Each structure stands twice: as C-alpha cells, then as structure tokens.
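**Student:** Quick one: this structure, given as structure tokens, is what I'll be asking you about.
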Amino acid sequence: MPETLAIFGGTKAVPDGLMKPWPPITDNDRKMVLAALDSNAHTVGPNYTELEKEFAAWLGARHAVFCNSGTAALHMALVGCECGCGDEVIVPAYTWPSSCTCCLHHNVIPVFVDIDWDTMNIDPAKIEAAITRRTKAIITVHLHGLSADVGRILAIARKHKLRVIEDCCQAHGTTHGGKPVGTIGDCAAFSCNQNKIHCSGEGGFFVSNDDAIFERGKTLWYFGEHRRPDTGTDYKAYGMGWMYRSSELVAAFARAQLARLNDYLPQIKANAQRLTECLAGTPNLILPVTPPGHGHNFYNYTIRFDMDALGHADDAARFRDRLLKALQAEGVDTSVWQGWPVPEMTAIAARNAYGRGCPWKCTRTKVDYALDQFPVAIRHCNWHTGMTTPLRPPNTPRLAEAVAAGIRKVLANADQVDKIE
Ligand SMILES: Cc1ncc(COP(=O)(O)O)c(C=O)c1O
C-alpha cells in the first residue's frame, strides 16, 4: 500500500520529540565544570593534567597531550613524524579536509589515494602506486568509526620506511585486529568536538607510543616551548610553534565525558545493530559493512542508495538530495557528511592553500589531482547519507526502529520523491 510521505502531508515516521540531543549532560558534568570555574587555574590545571593521563590510560597509549582540536593534533602528528617542506604524504581522497590541510600548514604536499567502496577508507591496494622517493608518511583515517585496513597499511609503510599517522577523530573505541586504533601506527589524532563520541565541545588529543615523535609534535602545542605552563616557561621558541592548548574548563568537561565513554560505546553499537536488523533487505539500500578483523564504533551510520537500481545513475546527487528532504520531513535526522572528495575542494583544486600557489609552487613536487583517479570517492559522495545523533545515547533502539521505518517508507515511495523540488 503506498503511503503519503510526510513531505506531502503524511504522518511522520519519527514523532517529534522522540530523538534526544547529544551528548547527555549529567550533574557530574555540571559539578566538574563549575568546580574548574571556581578554581584559580584556567589554563593548565589539575583537570588538564589528569585528563591527559586518563585518556592515555583509556586508550593504552604511552603519551597523550590535550589540545584544542583534532586538526591541531593532526598537525602535531605530521611534525612529530618529521614531515616538512617538499615531502609528500598520502591521504585518502575522501575524508575531512583537516586530514589534508594539516599537510599544507607545513608545506607538505598531499597525494590522494581513492577509497575502498565497502569500508569507505583508503584503499590499501592503491597505496603503493602513489609512493615516490619524497613520500614520508601515510595518513590513514578510520572514517565513520570503521577501522581502515591499518595492519596492511602499516606493512606497506614499513616496507617503504614511511610513518603511519592514524586519524582517529571519529574512532574512539574502534579496534583493528583486536587492538585499539590510535596505538597501531606511529602516532594518532583524536577529536572531542561537539559531535564526537568523546565530546568536550571542542578539543583533541595528540597521542603516541614513541617518545621522540611525541616530543617533536608537542613543540607545536605551546609557541614552540618545550616546557608546560604549569612547570614554568623558558620564554623561548625551540621550534616552530602554534598555540594549540585548550583550557581547564574544557578539560573538566572532557574528563566528565571520558568517565562515561565506555558506557556510551556499547549503547551506540546496540542502536546500530537494531537499525541494521530493521533495514536488512530494504530494496535499493546499501548498508554499512564491518569486514572481519575490522572494528566499528558507529560514529556515523552511513547508508548508500543504489542509484543504478533506482534508475538515477546520471543524476545521483540530485536524487539523493531529494531523498534527504523526504527523510528529514519524516523526522529522520540524517545528512550528507561530505559531498566532495578532498581534491575537489577549492583550496586543493586551485592549488592555492595560503596564497601565491604555495606550497605547490614553492617545491619541485608535481602532483596530479585529476578527479577521474577517484571514481569510488565520487560515487560515494553522490550516493550516501549518514546519521550520528539517532544512534547515540540516551537514544535507544526504539528510535532506531522509527528511523528504519522512515527510511523504508521513503524508499518504498520513491515515485513520490521524484516530485520533490
Ligand atoms: C576524520 C576527521 N579528521 C579530523 C577532524 C578534525 O577535528 P576537529 O574538528 O576537532 O578539528 C574531524 C572533525 O570533524 C574528522 O572527522
């Protein structure tokens, strides 16, 4: 029986008010943030120092420094791995721009490799063809919380004497081959921004098990100083430094949320499992997969619409946007995570990151960013949509069931979707 879509006046599949916002805030968050506010230390105080120890212990890493974003942590990782002017770093063609722009900040040239369709992560089979004598490192992103094939990537890197930087900004609690991501490569970056599974509003961690990589990367954290403000300063820049510190108030919030991270993770997984059960077998829908040995924290539950089967191969992005409007009208909180492969983004495509064509013009490196090299990333951009908050506590499998009903309803009535402007 055809049903009227909510966008045309039908009943919403997800009733108003069913979805609760992320992250849950408890009395402990309030207590810790207010105590930090009432203390005398507003830069690096006890919460800051304890948070770094607690995060390192939670992850199982030797070192962790808390900073103001995942982007800052990626930049520190790149410097920790001694990537510099004219070096090349391999980056997935589909990721958040910071996994690439961290290179540009240090005059490093990003070289893009297409993604694997199933995992949406860098395709390890295509990495070796991108390695040149200038390649210094591989940035592997565990996108949407699914681990990249980091064991295979590490083997390629070691064969070519390259460093591996893990972008774990979306991958708290993700494992690969049973090991936590962020401890497998040479160093890693985590983000704690609003939407992340460990949220402190904004923030991030640079982590490493390697003393030298960690110390080099950390020089960026605080004006190029080697000492922390809580241990006195030398007032001397020992290296090129930025200001990537966060603050005691944010650290207090991050600590309060970190204490509940291990409770959140299984709840997100249970919600994802229910969503998968309810969506299994839906015609024209491609569900996320978790290959053997990979782990998934379901940071973002990403689905693809089979545009070939729907008869929209030629106008995939436009039809996907109509499907999105229909889904949002049903109350399904979903959006396109990233609609462009990174090499298509203006700063990269125009090769003008910070003016006058640098870093490309300032080095002898010649790289080819022609988009026809990234067909998988482009198809993914045009076919996907993703969900985060519906999977997060305090939301329960009941919301997952309603979300699944909305998705099934829209796809079953795709003829009505054709009429959406
Ligand atoms: C894969 C990935 N890398 C890096 C970042 C950057 O993190 P931040 O926003 O904390 O700078 C993000 C943030 O959204 C991300 O998703």
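The values are calculated or read from the model by the stated rules, or taken from the named source; none is laboratory data. The structure presented is a predicted model; accordingly, all values stated were derived computationally and were not measured. Because the Cβ atoms are built from the backbone with ideal geometry, glycine has one as well, and the counts that use them run over all protein chains shown. Each accessible area value is taken on the protein alone, full model and side chains, heavy atoms only, with ligands, DNA and RNA left out. Shrake-Rupley method; radii C 1.70, N 1.55, O 1.52, S 1.80 Å.
**Student:** Kindly provide the helix-only [θ] at 222 nm of the chain, computed as the sum of -39,500 (n - 2.57) over DSSP H runs of four or more divided by all residues, to the nearest 500 deg cm²/dmol?
**Tutor:** -10500 deg cm²/dmol
**Student:** Given a Förster distance of 41 angstrom, what is the FRET efficiency for ALA317 paired with ARG62, based on the Cβ-Cβ distance and rounded to 0.05?
**Tutor:** For ALA317 and ARG62, the calculated efficiency is 0.40.
**Student:** Cα centroid distance between the stretch 365-379 and the stretch 60-76, in Å?
**Tutor:** Rounded to whole Å, the Cα centres lie 29 Å apart.
**Student:** Could you work out the relative contact order of the chain, using alpha carbon pairs under 8 angstrom and six or more residues apart, expressed as a whole percent?
**Tutor:** 23 percent
**Student:** Hey, what's the Kirkwood Rh for the stretch 219-284 if you take every pair of different alpha carbons, in angstrom?
**Tutor:** Evaluated over the stretch 219-284, this radius sits at 15.9 Å.
**Student:** Residues of the stretch 1-18 with the amide nitrogen closer than 17 Å to a label point 7 Å from the Cα of ALA412, along Cα-to-Cβ, please.
**Tutor:** Zone members listed by number: 1-15.
**Student:** Further question on the same structure: Could you tell me what % of all Cα pairs in the stretch 223-359 have separations over 21 Å?
**Tutor:** Cα-Cα pairs in the stretch 223-359 separated by more than 21 Å: 69 percent.
**Student:** Take the Cβ-Cβ distance between ASP308 and ASP27 as r, set R0 to 51 Å, and report the resulting FRET efficiency rounded to the nearest 0.05.
**Tutor:** 0.50
**Student:** Ignoring ligands, DNA and RNA, what accessible area per residue does the stretch 322-373 give at 1.4 Å, in Å²?
**Tutor:** For the stretch 322-373, the per-residue accessible area is 54 Å².
**Student:** Ignoring ligands and nucleic acids, what accessible area does LYS12 show with a 1.4 Å probe (Å², nearest 10)?
**Tutor:** Approximately 80 Å² for this residue.
**Student:** Give me the percent relative contact order of the stretch 86-241, please, defined on Cα pairs under 8 angstrom at least 6 residues apart.
**Tutor:** Relative contact order comes out at 14 percent.
**Student:** Hey, another quick one. Could you give the accessible area per residue of the stretch 206-277, probe 1.4 Å, as a whole number in Å²?
**Tutor:** 46 Å²
**Student:** Carbon-plus-sulfur fraction of the accessible area of the stretch 17-152, 1.4 Å probe, in percent?
**Tutor:** Result for the stretch 17-152: 55 percent of the exposed heavy-atom area is carbon or sulfur.
**Student:** Plugging the Kirkwood radius over Cα pairs into Stokes-Einstein for the stretch 309-421, at a temperature of 4 °C and a viscosity of 1.567 mPa s, what D comes out in µm²/s?
**Tutor:** 77 µm²/s
**Student:** Further question: Treating only the Cα positions of the chain as identical point scatterers, give the base-10 log of I(q)/I(0) from the Debye formula at each q in 0.08, 0.11 Å⁻¹.
**Tutor:** -0.46, -0.85
**Student:** Further question on the same structure: Give the accessible area for GLU52 in Å² (nearest 10); use a 1.4 Å probe, count only protein heavy atoms, and leave out ligands, DNA and RNA.
**Tutor:** GLU52 exposes around 20 Å² with every protein chain in place.
**Student:** Which of ASP186, ASP368, ASP123 moves the most in a Gaussian network model of the chain with Cα springs under 10 Å?
**Tutor:** Top of the fluctuation ranking is ASP368.
**Student:** Between ALA370 and GLN267, what is 0.36 nm times their sequence separation minus the Cα-Cα distance? Round to one decimal in nm.
**Tutor:** 32.9 nm
**Student:** Over its Cα atoms, what ratio of radius of gyration to 2.2 N^0.38 Å does the stretch 67-155 give?
**Tutor:** 1.02
**Student:** Further question on the same structure: Among HIS75, HIS384, HIS160, whose mean-square fluctuation peaks in a Gaussian network model of the chain (Cα, cutoff 10 Å)?
**Tutor:** Highest fluctuation of the listed residues: HIS160.
**Student:** On full extension of the chain, what length is gained from ARG158 through GLU277, given 0.36 nm per residue of separation minus the C-alpha to C-alpha distance?
**Tutor:** Taking 0.36 nm per residue and subtracting the Cα distance, the gain is 38.9 nm.
**Student:** Checking the table LYS20/LYS196; LYS136/LYS366; LYS53/LYS236 against a 19 Å threshold on Cα-Cα, which pairs fail?
**Tutor:** LYS53/LYS236
**Student:** Rounded to whole Å, give me the distance from the Cα center of the stretch 172-212 to that of the stretch 302-352.
**Tutor:** 28 Å
**Student:** In nm, what is the difference between 0.36 nm times the number of residues separating MET1 and THR290 and their Cα-Cα distance?
**Tutor:** Computed gain between MET1 and THR290 is 100.7 nm.
**Student:** For the chain, set up a GNM with springs between Cα atoms under 10 Å and report which of VAL367, VAL44, VAL113 has the largest fluctuation.
**Tutor:** VAL367
**Student:** If you put +1 on each Lys and Arg Cβ and -1 on each Asp and Glu Cβ, how big is the dipole of the chain around its Cα centre, in Debye rounded to 20? Let's see the in-between values first.
**Tutor:** Values: 43 positive and 44 negative charges, 144 e Å.
Charge dipole, the chain, about its Cα centre: 700 debye, nearest 20.
**Student:** Further question on the same structure: In the stretch 167-293, what percent of the accessible surface is made up of carbon and sulfur (1.4 Å probe, ligands and nucleic acids excluded)?
**Tutor:** Of the solvent-accessible surface of the stretch 167-293, carbon and sulfur hold 55 percent.
**Student:** Next question. Once label points are set 7 Å from the Cα along Cα→Cβ at both LEU34 and THR11, what is their separation, rounded to one decimal in nm?
**Tutor:** Roughly 4.3 nm, to one decimal.
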